[in-house]
Amino acid sequence: MQVKLAGFNIDSEIMQQLDPHGRRHLTPETLSAAYARISRSPLSIDQLRKKACLDMEKARKSNQKIIFEMGHHSVAEHAVFNFDIMGVSRLALEEIEKFRLVSYTEKSQRYVTLDGDFITPAELKSPALKKVFQGTIKKQNRFYFKAFAILNKRLQDQHRELTRSVSGRNLVEGWAKEDARYILSLATSGQVGMTINARNLEHLFRRFRLNPRDEVRKLAEKLYALVLPIAPSIILFPEPSAFERETFSTLDKCFRPVAQKAETPFSREPKIVSFSENGDNLILASHLSVSQNLEFARAMNTVKKVSAAQKKLMFMDFFRKIQFFDAPPREFEMADITFQAIVSAANFAQLKRHRMATLLSGPYIPELGTIVPASVTAAGLEKEFRQIIDTTNSAYCQIKEKSGAAADYILTNSHCRRVLMKMNLREMYHFVRLRDDAHAQWDIRNLAHRLSEKIKTLMPLTAMMLCGKSGFTEEYKKIFKTPPPD
Ligand SMILES: Cc1cc2nc3c(=O)[nH]c(=O)nc-3n(C[C@H](O)[C@H](O)[C@H](O)COP(=O)(O)OP(=O)(O)OC[C@H]3O[C@@H](n4cnc5c(N)ncnc54)[C@H](O)[C@@H]3O)c2cc1C
């Protein structure tokens, strides 16, 4: 066996310290070119890499040929880029974080004191509307600082045992910030560290170029300008196709009359809209089929003949050694759950981070109401909070009429959208472990908890241990009558 370290991502500040001649050769394209030739060349991988480094022009031509002419786009996945993206709105961050095969880390609003920085969208051309926009955001931000000071004082008083240490005081302060930020707008600026391979980046360019918002299209231009000189041979299809441009336009035309008649009464209770019927049997039969080399239909018939009591004992044995950090095996991906929920922007900011899922989301609209944190109500601030929401909604309507895409920026973290999300049971375990947890933010925790309760009734055996990290010991004791193993 021979293993070589072929490369790794290096900070660009360090690259700048190299002499200009050395820097000229710094590109991830050589790795893509070398790996692209593995399947057809008699040479070893390290020899292919050496050749690519010695003749970069040839490597670039080879990449273009393999990606463009032969359609092997996956070779672009071997080229990886890191970007510091700063000073973008929360709304643009949502667009950035739509890409599932990409890594992101953003600053939590729990750990920053927002200094009132916000983006004024370029679509907002009229000075009068700009004044409405900026005036509304200033009101929101003023309330944020006021609410934060009041909530922080109340919470520090309520949690005296925690505030004896600096870390405890910071934790409590984080809760106050988390709740106060429900009044902050989606124009508030943020930052994210993003690691993305060239194939996903190309996909991002195509999507962003179709985005209705100038800010998002400009971001695509900036990213493209940074990558092009370093790796011209692997981003070959940055322009959206005709299909991508038109995807839903005809369907939307057909549905327009229906949409206009759509009723708005709604419940905030998340709903399971579809799920794998008999998920418990499906998961058991999947394992039986692959482990015993049986046709799936035969495996399912066998599973169906096992009594409910016996199956319960089988799953109790299966889960007996599980600990809170253990993930159920891949067979649990055979059962799907799709739910619909109305979530606040604060809640969505965390929901969207769960990437092993299909997440569709509608627009934020004032008609779906707002989520007011219980701490804001308890502090006697709800009336003022709602007054600012009324001002925000009226600014939204004025801007929507004249400058469409700019209006969403004025809405707040408390405004809501409808989401439709599909996860398999394995991802649902991961989601619920992290989010129905004492350390998780309350809004997403409520959602995860409600979903978990519903799923337990649909897949009672396989979802037996579906619970948050902090509730794991109690859940285990309820089922097994003993504490979980060490
Ligand atoms: C209490 C709490 C605080 C948090 N604070 C912050 C914060 O301050 N800032 C912040 O940015 N995030 C924060 N997060 C979000 C967190 O880091 C995760 O992004 C989020 O919980 C999604 O889970 P996940 O990354 O495990 O993956 P999911 O997207 O749910 O995917 C499931 C699993 O698939 C695998 N996977 C998915 N994508 C990749 C990939 N690209 N490469 C390799 N493996 C992958 C991993 O094994 C992962 O566990 C916080 C989460 C919690 C619960």
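The values are calculated or read from the model by the stated rules, or taken from the named source; none is laboratory data. Quick caveat, the model's predicted, so the values are computed rather than measured. Note that we place each Cβ from the backbone using ideal geometry, even for glycine, and neighbour counts take in every protein chain shown. Note: areas computed on protein heavy atoms with side chains; ligands, DNA, RNA excluded. Shrake-Rupley method; radii C 1.70, N 1.55, O 1.52, S 1.80 Å.
Split the accessible area of the chain by element, probe 1.4 Å, and carbon with sulfur accounts for 56%. Structure note, pairs LYS107/LYS400; LYS125/LYS222; LYS311/LYS481; LYS58/LYS222; LYS98/LYS271: Cα-Cα distances above 25 angstrom occur for LYS107/LYS400; LYS58/LYS222. Here's the picture: a label point sits 7 Å out from the Cα of GLU333 along the beta-carbon direction, and within the stretch 289-304 the residues with their amide nitrogen under 18 Å of it are 289-291. Counting heavy atoms of the protein chains alone, ARG418 has an accessible area of about 90 Å² for a 1.4 Å probe. Summary value for the chain: 17 percent relative contact order, contacts being C-alpha pairs under 8 angstrom separated by 6+ residues. State, as an integer percentage, the relative contact order of the stretch 12-78 based on alpha-carbon contacts under 8 Å between residues 6 or more apart. Relative CO of the stretch 12-78 lands at 33 percent. When the Cα positions of ILE388, PHE431, PHE266 are compared along the charge dipole of the chain, PHE266 comes out farthest toward the positive end, with charges on each C-beta of Lys, Arg, Asp and Glu. Using R0 = 45 Å, the C-beta based FRET efficiency linking PHE243 and LYS153 works out to 0.20. Applying the Kirkwood pairwise sum to the alpha-carbon positions of the stretch 12-78 produces a hydrodynamic radius of 12.5 angstrom.
Residue ranges 347-357, 99-109 sort as 347-357, 99-109 when ordered by packing (mean number of other C-beta atoms within 10 Å per residue, highest first). With a Förster radius of 30 Å applied to the beta-carbon distance between ARG355 and ASP19, the computed FRET efficiency rounds to 0.15. Normalised by 2.2 N^0.38 Å, where N counts its residues, the alpha-carbon radius of gyration of the chain equals 1.13.
For the chain, what is the calculated [θ] at 222 nm in deg cm²/dmol (nearest 500), taking -39500 (n - 2.57) for each run of four or more DSSP H residues and dividing by its residue count?
The per-residue figure over the chain is -15000 deg cm²/dmol.
Think of each Lys and Arg Cβ as +1 and each Asp and Glu Cβ as -1; about the Cα centre, that makes the dipole of the stretch 12-78 roughly 280 debye.
When each of the peptides 127-134, 175-182, 13-20, 370-377 is scored by the mean number of other C-beta atoms lying within 10 Å of its residues, the order from highest to lowest reads 175-182, 370-377, 127-134, 13-20. Dipole magnitude for the chain: about 220 debye, using +1 per Lys or Arg Cβ and -1 per Asp or Glu Cβ, origin at the Cα centre.
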